[in-house]
Amino acid sequence: MSLTGDDTSHMHTHPNTHRATPDKDAIALLPPFERLGLDRITLVTDGAGAREALAQLKDTPAWGFDTESKPTFRVGELSDGPHILQLASSARAWVFQLNDPQCSAISAELLALGGIAKAGFGLGDDRKRIIQKLGVQPQGILELNTVFRERGYRKDMGVKGAVAVLFNQRFVKSKKAATSNWANPRLTEAQLIYAANDAYAAIRVFHALGLGAGA
């Protein structure tokens with residue numbers, strides 16, 4: 001869904017207007033956001049799969065973007081993540097496992113592509129880890145929290161707040177999946193759905209904000 005021109009008239013863009021971020025209780029009452037099912041999620045585990053994903057993604061002007069890293073639980077323990085890269089169009093998502101060297105190299109190539117917006121929430125840490133692990137400076141990173149702040153929202157919106165404001169829906173996130181082991185060679189269905197939908201929700205928000213109008 002791409003909102004352009006008059007379609008974005010409901011968005012308050014006055015810089016001096018402070019808008020409230022919806023609270024958890026208000027969000028809990030909303031109907032659920034329709035997430036991507038496994039039939040619209042591609043797991044990418046090797047170079048061949050990554051090349052196919054590159055061919056499908058390179059002509060898309062904007063992607064939803066996120067990464068996942070294995071959690072660290074001990075003091076002083078450093079993460080060697082990201083272990084997973086998620087990219088999404090408004091139709092489907094790709095989940096790249098970065099333990100395969102070829103998959104990792106093509107993922108770096110994708111992130112280095114210019115002229116493509118890579119939109120997501122809270123991307124500062126993702127960006128640092130990508131530079132460290134993949135040795136590439138991601139191009140076209142768009143922090144959606146910044147867009148909401150420019151439009152008068154004081155706090156970081158986050159994916160849950162953004163989906164509530166724009167779609168009047170509740171974005172469901174599994175805490176169990178969030179803290180699961182993303183370095184596992186075999187990801188569970190719950191992990192795939194969690195990872196893919198973070199990126200998918202980001203691209204839906206991108207288009208609903210009218211950001212893809214000129215793309």
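Computed from the coordinates by the stated procedures, all read-outs in this text should not be read as laboratory data. What you are looking at is a predicted structure, and each value in this text was computed from that prediction instead of being measured. Virtual Cβ from ideal backbone geometry, glycine too; neighbours counted across all protein chains shown.
Semi-axes of the equivalent ellipsoid for region 145-215, computed as √(5λ) from the eigenvalues of its C-alpha gyration tensor and ordered from largest down, come to 27, 14, 11 Å. With axes computed from alpha carbons, what is the tilt in degrees of helix 158-167 against the longest principal axis of the chain, rounded to the nearest 10 within 0 to 90? Rounded to the nearest ten degrees, it is 50. Can you tell me the 0 to 90 degree angle between the C-alpha axis of helix 47-57 and the longest principal axis of the chain, rounded to 10? Helix 47-57 sits roughly 20 degrees off the main axis of the chain.
The antiparallel fraction among DSSP beta bridges confined to the chain stands at about 45%.
Under a Gaussian network description of the chain, with springs only between Cα atoms under 10 Å, the residue in Gly161, Gly81, Gly124 that fluctuates furthest is Gly124.
With a threshold of 26 Å on the Cα-Cα distance, the over-threshold entries among Lys24/Lys128; Lys58/Lys155; Lys24/Lys176 are Lys24/Lys128; Lys58/Lys155. Averaging the Cα positions of each part gives two centres, and for region 87-164 and region 35-66 these lie 13 Å apart.
Model label points for Lys128 and Arg186, set 7 angstrom from Cα along the Cα-to-Cβ axis, are 3.5 nm apart. Between helix 101-112 and the chain there is an angle of about 30 degrees, using the helix long axis and the longest principal axis of the Cα atoms. Note on the chain: dipole from Cβ charges, positive end direction compared against Ile141, Ala196, Gln169; the farthest Cα belongs to Gln169. Within a Cβ distance under 12 Å of Gly47, other residues only, what is the Lys/Arg minus Asp/Glu net charge? With Lys, Arg at +1 and Asp, Glu at -1, the net is -3.
Around Asp25, what is the net charge, scoring Lys/Arg as +1 and Asp/Glu as -1 over all other residues with Cβ under 14 Å from its Cβ? Could you put the intermediate results ahead of the total?
Details: positive: Lys24, Lys160, Arg170; negative: Asp23.
So the surrounding residues net to +2.
In the elastic network of the chain, a GNM with C-alpha springs shorter than 10 Å, the most mobile of Lys118, Lys175, Lys133 is Lys175. Counting only Cα atoms, the size of the chain along its three principal axes is 47, 38, 34 Å, in decreasing order.
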